[in-house]
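Let me begin by presenting the structure, written as structure tokens, before commenting on it.
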Amino acid sequence: MPRYKRILLKLSGEALAGPAGFGLDAGRVSSLAGEVAGLAQTGAQVGVVVGGGNFFRGVAPAAKKMDRVTADHMGMLATVINALAFQDALESTGVASRVMTAIEMRQVAEPYIRRRAIRHLEKGRVVLFAAGTSNPYFSTDTAAALRALEIRAEVLAKGTRVEGVFDSDPLRHPEAVLYRDITYTEVLTRSLGVMDATAVAMCRDNALAVLVFNLNVPGNIMRIAMGEPVGTLIHP
């Protein structure tokens with residue numbers, strides 16, 4: 001049995017791009033969807049927030065001369081593309097899912113309604129939360145923290161390219177030290193940058209546990225759900 005009954009997974013858009021770093025890699029999407037489907041089949045209730053960085057992000061160089069609000073809205077639409085692709089991959093495994101968007105587009109997906117989202121989870125459906133918070137200047141990290149709190153998730157699990165939270169960027173500094181557990185305040189005061197500061201503050205203020213783990217290691221999603229010591233736990 002999973003340790004956590006209800007989990008919110010935060011997946012970056014880049015995670016769906018595979019080695020190319022842009023667009024969607026069908027094999028990578030299918031692989032991640034299989035892991036999430038396996039978790040859902042254990043009885044855990046799973047929500048997923050997917051970023052849009054594999055297509056567009058409001059703070060990207062391509063958006064440098066654009067109005068920030070317009071650029072952020074484009075980034076939100078990119079998350080909808082990713083969520084629809086992930087839904088298709090999930091349902092090919094036989095796991096029911098729903099895409100809910102913060103920006104209303106009824107012909108494509110359901111509008112986000114908190115009580116309806118919780119009902120989907122209770123019925124065993126994976127819920128994919130797209131379009132961020134619908135507000136510019138807020139990252140998908142913040143959207144993930146917000147949705148996790150709204151659906152009363154027991155943990156927010158953020159998948160990254162590294163093992164967890166380090167004292168410096170391990171991709172640039174091989175000698176970087178991995179923390180197995182750290183407080184929200186330490187993450188903020190040391191400017192560790194593993195998540196948007198707004199998201200970390202929201203989790204701190206509401207005592208929501210955050211697990212940061214390496215998404216590129218097969219099976220890590222299940223290991224986290226089962227309570228195995230994977231990645232870094234950010235806690236009060």
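For the stretch 73-95, which residues satisfy the criterion of being farther than 17 Å from G23 by Cα and surrounded by 22 or more Cβ atoms within 10 Å (Cβ to Cβ)?
L90
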Could you figure out which of (1) of a type in the set (A, V, I, L, M, F, W, C); (2) surrounded by 20 or more Cβ atoms within 10 Å (Cβ to Cβ); (3) in contact with a His (Cβ under 8 Å, 6 or more places away or on another chain) isn't true of A209? (2)
Is there a residue being in contact with a Cys (Cβ under 8 Å, 6 or more places away or on another chain), under 17 Å from R6 (Cα atoms) and among the hydrophobic types (A, V, I, L, M, F, W, C) anywhere in the stretch 108-120? no
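Within the bounds of the stretch 129-137, is there any residue that is hydroxyl-bearing (S, T, Y) and under 22 Å from L24 (Cβ atoms)?
no
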Before we move on, is E35 acidic (D, E) and under 17 Å from the mean Cα position of the chain (by Cα)? yes
Could you check how many residues of the stretch 199-221 are in a helix (DSSP H, G or I), under 16 Å from E35 (Cβ atoms) and in contact with a helix residue (DSSP H, G or I) (Cβ under 6 Å, 6 or more places away or on another chain)? 1
Against the definition (over 17 Å from A144 (Cβ atoms) and open to solvent by less than 50 Å² (accessible area, probe 1.4 Å)), how does T183 come out, yes or no? yes
Kindly indicate which of G52, G47, G13, G18 is surrounded by 16 or more Cβ atoms within 10 Å (Cβ to Cβ) and modelled with pLDDT of 95 or more. G47
Go through the stretch 96-108 and count every residue that is open to solvent by 10 Å² or more (accessible area, probe 1.4 Å) and either within 16 Å of the chain's Cα centre (by Cα) or under 11 Å from A40 (Cβ atoms) (or both). 3
Strands (runs of 3 or more DSSP E) within the stretch 69-173 that include 3 or more residues in contact (Cβ under 8 Å) with a residue 40 or more places away in the chain: 126-130, 155-160
Of the residues in the stretch 109-140 that are buried (at least 16 other Cβ atoms within 10 Å of the Cβ) and of a type in the set (D, E, K, R), the one that is nearest to S97 (Cα to Cα) is R125
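The values are calculated or read from the model by the stated rules, or taken from the named source; none is laboratory data. The structure displayed is predicted, hence computed values, not measured ones. Don't worry about glycine lacking a Cβ; one is built from the backbone with ideal geometry, like all the others, and counts go over all protein chains shown. What goes into the accessible areas is simple: the full protein's heavy atoms, side chains included, and nothing from ligands, DNA or RNA. Shrake-Rupley method; radii C 1.70, N 1.55, O 1.52, S 1.80 Å.
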